[in-house]
């Protein structure tokens, strides 16, 4: 019990630090947007593009193929997670997009659908599955494969929805941008893994901080661009609060759905854990760079990523609590196999 509490506290410490930095970056962007805008003196448009490429290079170099092979055998779990990530989630997003388009601005709703079309997150899904004593190889496989699938599927889903709404999104250009800025660096990282994989494994803290640093820079630059364009004056605070509430409701709906369906399908608790965590989470690490590529030059980029930012913070907090509860329940089950909360 004390070990679980200690692990949870460490996770919260990391989350809180990241949240504070993110909030500080947004606050600075709102107060002094000219400095950090894409065309400002810091040239963050170029800096963040290079940072994104380097992040995915590091992801590729750090990915162990042995771990993927170890988790590849449980096909029912994989189908479940990918179906929720790329079928159920986008369907919910499309329903919200269509039903609320007369109530909320199009850019905000597009951001909600973008959230729904993103891949699952890797690091926190695996960490929380481990904390909850679940199927860690299965979590590694699904979270990683989800990210790879998302590089192709997310732009296609976004292109279809944007085209259906009457706007224009050059899908070929978007896919090319993803291939050049995400897939190519990732593939190069995989090729160089035998040379630098061990070095990176010994320096995970550095790579994790760099990853988060790039995310903060992109968020900062996006909010600077939105502020410089006068975007925040176009919407009332109630509208933005509504989207934040929508992201919260979405999280609890999907968490409930993944839990219920996994149990109805008879998943053992070890598989239910990654099914719930991988099937409900959305990746900030993939989403922010992808938004920068898909919506390049869009003045409302800050609004488009707002639902993702809210959802990301909520999923970390809520799923941390769930992981602790799963771990305690698993302990009870080992003493009494008939017990299942």
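The values are calculated or read from the model by the stated rules, or taken from the named source; none is laboratory data. These figures come from a predicted structure and were not determined experimentally. FYI the Cβ positions are ideal-geometry reconstructions off the backbone, even for glycines, and counts take in every protein chain you see.
From the list 275, 291, 241, which one is exposed (fewer than 13 other Cβ atoms within 10 Å of the Cβ) and in a helix (DSSP H, G or I)?
On the way: 275 fails: exposed (fewer than 13 other Cβ atoms within 10 Å of the Cβ); 291 fails: exposed (fewer than 13 other Cβ atoms within 10 Å of the Cβ).
Being exposed (fewer than 13 other Cβ atoms within 10 Å of the Cβ) and in a helix (DSSP H, G or I) holds for just one of 275, 291, 241, which is 241.
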**Report entry** residue 93 at pLDDT below 80 and either surrounded by 21 or more Cβ atoms within 10 Å (Cβ to Cβ) or within 27 Å of residue 239 (Cα to Cα) (or both)
**Finding:** no
Query - Selection count, region 257-272, where residues are exposed (fewer than 14 other Cβ atoms within 10 Å of the Cβ) and either in contact with a helix residue (DSSP H, G or I) (Cβ under 9 Å, 6 or more places away or on another chain) or at positive phi (or both) - result: 2
Query - Residue satisfying all of: in region 158-178; within 16 Å of residue 292 (Cα to Cα) and modelled with pLDDT of 80 or more; surrounded by the fewest Cβ atoms within 10 Å (Cβ to Cβ) among these - result: 159
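Among the residues of region 294-311, count how many are at pLDDT below 80 and part of a helix (DSSP H, G or I). Steps first, please.
First, the residues of region 294-311 that are at pLDDT below 80: 296-303.
Narrowing further to those that are part of a helix (DSSP H, G or I): 301-303.
Matching residues across region 294-311 total 3.
Does region 211-223 include one or more residues that are more than 17 Å from residue 308 (Cβ to Cβ) and surrounded by 18 or more Cβ atoms within 10 Å (Cβ to Cβ)?
Residues of region 211-223 that are more than 17 Å from residue 308 (Cβ to Cβ), as a first pass: 213.
Applying the additional criterion that residues be surrounded by 18 or more Cβ atoms within 10 Å (Cβ to Cβ) yields none.
No, every residue in region 211-223 fails to be more than 17 Å from residue 308 (Cβ to Cβ) and surrounded by 18 or more Cβ atoms within 10 Å (Cβ to Cβ).
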Report summary line: Checked 226, 248 against criteria (part of a helix (DSSP H, G or I), within 18 Å of the chain's Cα centre (by Cα) and either surrounded by fewer than 19 Cβ atoms within 10 Å (Cβ to Cβ) or at pLDDT below 80 (or both)); the one match is 248
Report task. Please work out which residue is farthest from the chain's Cα centre (by Cα), limiting yourself to region 30-64 and to residues that are free of Cβ contacts under 8 Å to residues at least 40 places away in the same chain and not in a loop (DSSP other than H, G, I, E, B). Result -> 31
Query - The listed residue being at pLDDT 75 or above and surrounded by 24 or more Cβ atoms within 10 Å (Cβ to Cβ), out of 141, 186 - result: 141
**Report entry** Boolean, residue 109 is in contact (Cβ under 8 Å) with a residue 12 or more places away in the chain and closer than 14 Å to residue 281 by Cα
**Finding:** no
